[in-house]
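Structure first, then comments.
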Amino acid sequence: MDHEYMRHVIRSGDPESLLNDLMSAYGDEVWRYARVLAGRDDAADEIAQDVFWKAYLHLASFRGESSVKTWLLAITRRTALNYRRSAFVRKVTLAGLLGPKGAHRSAEETVMERQAERELWDIVLALPARYREAIVLEAHYGLSYREMAELLGVSEGTVKSRLHRARSKVERARKELDRE
């Protein structure tokens, strides 16, 4: 979905159609990001609903300075942060974010791979929020440094620094696990 399409739909007076298109194109990504930030499925449901309601109310304010995806993720982030401020902080889990990997592996390989993934995500979840969020935005959502900087409200240098520190912390933690 591109900027021109959004502008055309807004001008045509059919924002409901655009809202449906946005939800179809980005609903899963908004929900998963909300889930990462809020830590619970029910909270992610509520946040995602709020995100699309806010997007609907502010369609005309979309200036096209970022991608539609980045705009929606920014709304998701603000909404989730407000949710976390209003609710007590819960441990975030990333269950379900790791999609199925290839087929034709043995049961033992599958179990070992899942265990390694769980250990890795446990390490990521133990990171301070600013590092955890940067890693998830890069690894799961594939955002560029520029998009992450815009979404997080920091400079690209800060994003690079956070990612570097996060990767270093993850690597140290993995080495500690290997020694145990």
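The values are calculated or read from the model by the stated rules, or taken from the named source; none is laboratory data. Since we're looking at a predicted model, the values are computed, not measured. Positions of Cβ are backbone-derived with ideal geometry, glycine not excepted, and every protein chain shown enters the neighbour counts. Only protein heavy atoms, including side chains, enter the accessible area calculation; ligands, DNA and RNA are left aside. Shrake-Rupley method; radii C 1.70, N 1.55, O 1.52, S 1.80 Å.
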Rounded accessible area of Glu133 (nearest 10 Å², 1.4 Å probe): 20 Å²
Accessible-area ranking of Asp45, Asp50, Asp178, largest first, probe 1.4 Å: Asp178, Asp45, Asp50
Contour minus Cα-Cα distance for Ser67 and His140 (0.36 nm per residue): 24.6 nm
Spin-label model distance (nm) - Ala129 vs Leu81, 7 Å beyond Cα toward Cβ: 0.9 nm
Computed accessible area, Tyr33, all protein chains, 1.4 angstrom probe, square angstrom: 0 Å²
Sites His164 and Arg114, calculated FRET efficiency, Cβ-Cβ separation with R0 25 Å, nearest 0.05: 0.35
Virtual spin-label span in nm between Asp42 and Arg174, 7 Å along Cα→Cβ: 3.6 nm
